[in-house]
Amino acid sequence: MRYFSRAALLGTAALACYCGQVSAEPSSTGDAVAVESFCRGLSKRINNFDAQQCRDADLQAAAAVSNARRPLLYRDFPAAATALAPKRVLILGGIHGDELSSVTVVFQWIELLKSGRYQRYHWRVLPLTNPDGLFADTSTRVNVRGVDLNRNFPSPNWTSQALNYWKKKAKSDPRRYPGPSAGSEPETRWIVEQIQQFRPDAIVSVHAPYGILDFDGPKDPPKKLGYLRLQPLGVYPGSLGEYAGLSLKLPVITMELPQATQSPSASQSGRIWSDLLGWLDKTIATPASP
């Protein structure tokens, strides 16, 4: 199984900018209250989202919290005891807080995972990685400090390129501000440590609203997932694709749903899920030919 040292995860230059550690272990106190508040908040913010669906997901609160002290929640779905050397898949939703549909789809997948039919893999699911952005008075792409988490990952080129790229290429767009330093945000650091501790064989990150399928890293990409067709977008300094896909050599599938506030139907997300499983079975679970 793949193991990454901290230096490999962050890159030599970015390591100096990595400010503090964020534990991925669950908190021993206040979990039930934190999860209940989280679920009630989602039901108020996302149209047609039932708080009970969130409660039934049985999420755990990590010791890490967001900038505004909101819980960072996750759930593991371990592989069956009979599975030999099961591959690991990390699923991320809500890196951008105004992409509400990305959160809903991940909860739809949690419902499928609860059936126990997909235990040939070990899954770790993080349904909302930017809670401060989503729960802002008006949901925002950035977190509470105005940082785009998907430009804040400590890719090796962050120090030399991220701020300059933002100023020149992104025209200092505040929605794409990469932060004062690589890994400056606790939400980013938590995701980084999930990658380090969980050691995924593939990462699936759900976004909106381009209506396409993006891919970075090794392996042959899926040509489609449901109604999403492959159309690579490229990477940016500090993006998850740059950090995990190109630097860590992990397959990173980025789903761009067609709308940010209107979620796909359960049948649509189910077709995406089915195609994802087919790609994982063919590309990740099957050993490469010698």
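Structural remarks
- The lone exception for residue 160 - which of (1) more than 24 Å from residue 61 (Cβ to Cβ); (2) among the small types (Gly, Ala, Ser); (3) in contact with a Ser or Thr (Cβ under 9 Å, 6 or more places away or on another chain); (4) in contact (Cβ under 8 Å) with a residue 40 or more places away in the chain it fails: (3)
- Selection status of residue 75, within 30 Å of residue 156 (Cβ to Cβ) and either under 20 Å from the mean Cα position of the chain (by Cα) or modelled with pLDDT under 50 (or both): no
- Selection status of residue 179, at positive phi, touching an Asp or Glu at 6+ places or on another chain (Cβ under 9 Å) and either without any contact (Cβ under 8 Å) to a residue 60 or more places away in the chain or buried (at least 18 other Cβ atoms within 10 Å of the Cβ) (or both): yes
The values are calculated or read from the model by the stated rules, or taken from the named source; none is laboratory data. Small disclaimer: the values here were computed from a predicted structure and weren't measured. Note: ideal-geometry Cβ built from the backbone for every residue, glycine included; neighbour counts use all protein chains shown.
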